[in-house]
Amino acid sequence: MLSLVAAAMGPEVVRSIDAIPAHVAGRFRDPAGFERSASGQYFVFDRRNQIVYGVDARGESAWEIVHIGNEPGRILNPFAFAVAPDGSFAVADAPNNQERIQIFTPAGFRTGGFTLPGKARARVVLDGLVLNSIGSLQYTGTSIFLSQPDTGSLVTEYSVSGVVIRSFGELRRTGHEDDRAVHAALNIGLPLVNPRGGFFFVFQTGEPIFRRYDAGGRLVFERRIQGREIDDFVSRLPSLWPKRDSATGEIPFLAPTIRTAAVDASGRLWTSFAEPTTYEFDADGDKIRAVQFRGAGPVSPNHMSFDDKGRMLVTPGLFVFDVQTRP
């Protein structure tokens, strides 16, 4: 049953219905990814330990699947993680500051991977972690999708062997077109595969906006995200950002407006803000409701995914929420 408590003049509160037990969760230092395959097995991506764990369907035991290391088949300085419906998964890391994506079987055997050309160019700082294009990793089992605005398009699709299949999505206007680095940073986002067909792209920095694209990469619509829960936060968004020296020169570091986003099996989009508020949108881009997640206390998701029962899995906290819309 959906556990909702109406909050006067605020978002609805959604309380967790389950979580990975403390005696198992205690093994993880910084769980930054929590997903479940169709077989029922859970996967936990521990960013700080630099390990991918498996957790049994009942949440009673955990084991290491992929270990820390520089060589192929291991991960070093990982940024992102994504599981396909068949249980295979991809990990994006950056050994020696070189962006790399690797594909693994559910048991942790490396089946492929590739290194992106050039050095990593950091853009976004989330919870003290500096992210770049591979932080937007989406994996379907046959394709990898990344946000790479430096290429001139919002989304780039790669094969699992690293061949560019296509790019799509026109960059949005930012008012900073004369500063290429800032313009690119304000076009960083999350490319999300819609199970009902096509894609959503959620801009992660600057003014909160999302777009929907069809399966061919053609724009269907664009929506600006507004609501009383975030109005004050959005009004305080900066227009200037500090730059820091890097191996590739000075680049801007932006805090995200939207921490994470996901699409459920019915094609509804969920966007979680830097403020502890998450919005749900229907397939036409209309806002359904605002929610606040609660586990032991308020939860600001940094990763959201859905299992085959339609439940949302969230980090931090390794919580499970029943988010089915009320009749």
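With respect to Phe45, is the statement that it is under 17 Å from Ala22 (Cα atoms) and touching a residue at least 24 places away in the same chain (Cβ under 8 Å) true? So Phe45 passes the test. None of Ile188, Ile134 is at pLDDT below 90 and within 19 Å of the chain's Cα centre (by Cα) except Ile134. Of the candidates Gly118, Gly113, Gly152, Gly169, the single residue that is modelled with pLDDT of 95 or more, of a type outside the set (Val, Ile, Thr) and at positive phi is Gly169. For residues that are of a type in the set (Lys, Arg) and in a loop (DSSP other than H, G, I, E, B), scanning just segment 56-102, find the one that is farthest from Leu318 (Cα to Cα). The extreme case among them is Arg74.
Looking only at segment 297-327, which residues are within 18 Å of Glu12 (Cα to Cα), in contact with a strand residue (DSSP E or B) (Cβ under 9 Å, 6 or more places away or on another chain) and surrounded by fewer than 17 Cβ atoms within 10 Å (Cβ to Cβ)? Residues satisfying the conditions are Pro298, Thr325, Arg326. Of all residues in segment 284-310, those being part of a loop (DSSP other than H, G, I, E, B) and either more than 17 Å from the chain's Cα centre (by Cα) or modelled with pLDDT of 95 or more (or both) number 9.
The lone criterion from (1) at pLDDT 90 or above; (2) assigned to a loop (DSSP other than H, G, I, E, B); (3) among the aliphatic types (A, V, I, L, M) left unmet by Val220 is number (2). Screening segment 16-53 for residues that are surrounded by fewer than 16 Cβ atoms within 10 Å (Cβ to Cβ) and not in a loop (DSSP other than H, G, I, E, B) and picking the one that is nearest to the chain's Cα centre (by Cα) gives Asp18.
The values are calculated or read from the model by the stated rules, or taken from the named source; none is laboratory data. For clarity, every value in this text was computed on a predicted model and none was experimentally measured. With ideal geometry, Cβ positions are generated from the backbone for all residues, glycine too; neighbour counts draw on all protein chains shown.
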